[in-house]
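Step one of this worksheet: look at the structure below.
A short reminder: the numbers here are calculations on the coordinates, not readings from a lab. Just so you know, these numbers come straight off a predicted model, no measurement behind them. Note that we place each Cβ from the backbone using ideal geometry, even for glycine, and neighbour counts take in every protein chain shown.
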């Protein structure tokens, strides 16, 4: 519902400002009807030729807890990354600067000192604990659709995260989970012909968690937009 005298654009802007990558969740399970409400909104995401290539496998609180323990053991045993989609070839220039700034903010908030390898590893392992989220979902795409299928899934992920915020939830999109695509195929029986795009961890945010104490900046419009007269 919009606040009195608040336009739809104001509401959307408010949600966009409130949404952030949550890295500290409360353990409380989310009611099924709330999750289905988020999914129903996210399903309205646009896609190329309305193909809607995304499919989600969503874990209950119990299934997520089992996956958390299994994935953490898998990673600690030295499993190599095996993503279906190609990782970025290189971060350079302003993109490298932004990536570093985000990392420094996270490590600063969580007390990880530069050069402290043990603390860095502990924080990195939080990815595979889903940052304590009570639910995780895996997003897959239709392989023959290639790049455009992955782009469509990106639009879906963005819609999901805004919908989650609108429904009182926090979320984070996670490439780290896609790094272990074979694990998810075996553990959750995913279709071997569908590439894993990313994971989504979601639930109720722990507002007292230090990892949730910072917000990343956004570039000015002039840095991202070029007008043609």
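Using just the alpha carbons, could you tell me how many Å³ per residue the convex hull of the chain encloses? Walk me through the numbers before you get to the answer.
Details: hull volume 38.2 nm³, N = 229.
About 167 Å³ per residue, rounded to a whole number.
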For a quick protection proxy, order the peptides 133-143, 117-127, 15-25 by their average other-Cβ count within 10 Å, most packed first.
-> 133-143, 15-25, 117-127
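Can you tell me the relative contact order of the chain? Whole percent, Cα pairs under 8 Å, sequence separation 6 or more. Display every interim value, and only then the final one.
Working: 310 pairs, mean separation 84.3, N = 229.
About 37 percent, as a whole number.
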Ranked from highest to lowest mean number of other Cβ atoms within 10 Å per residue, what is the order of the peptides 174-186, 190-202, 209-221, 90-102?
-> 190-202, 174-186, 209-221, 90-102
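Assign one of three labels to segment 12-54, namely rounded, prolate or oblate, based on the Cα gyration tensor with a ≥ b ≥ c the square roots of its eigenvalues; rounded applies when a/c is under 1.5, prolate when it is not and a/b is larger than b/c, and oblate otherwise.
Values: a/c = 2.28, a/b = 1.45, b/c = 1.57.
Judged from the Cα gyration tensor, segment 12-54 comes out oblate (a/c at least 1.5, b/c at or above a/b).
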Classify segment 62-151: rounded, prolate or oblate, from the alpha-carbon gyration tensor (a ≥ b ≥ c, eigenvalue square roots; a/c under 1.5 rounded; otherwise prolate if a/b is larger than b/c)?
-> oblate
Shape category assigned to segment 88-133 from the gyration tensor of Cα positions, a/c cut at 1.5 = prolate
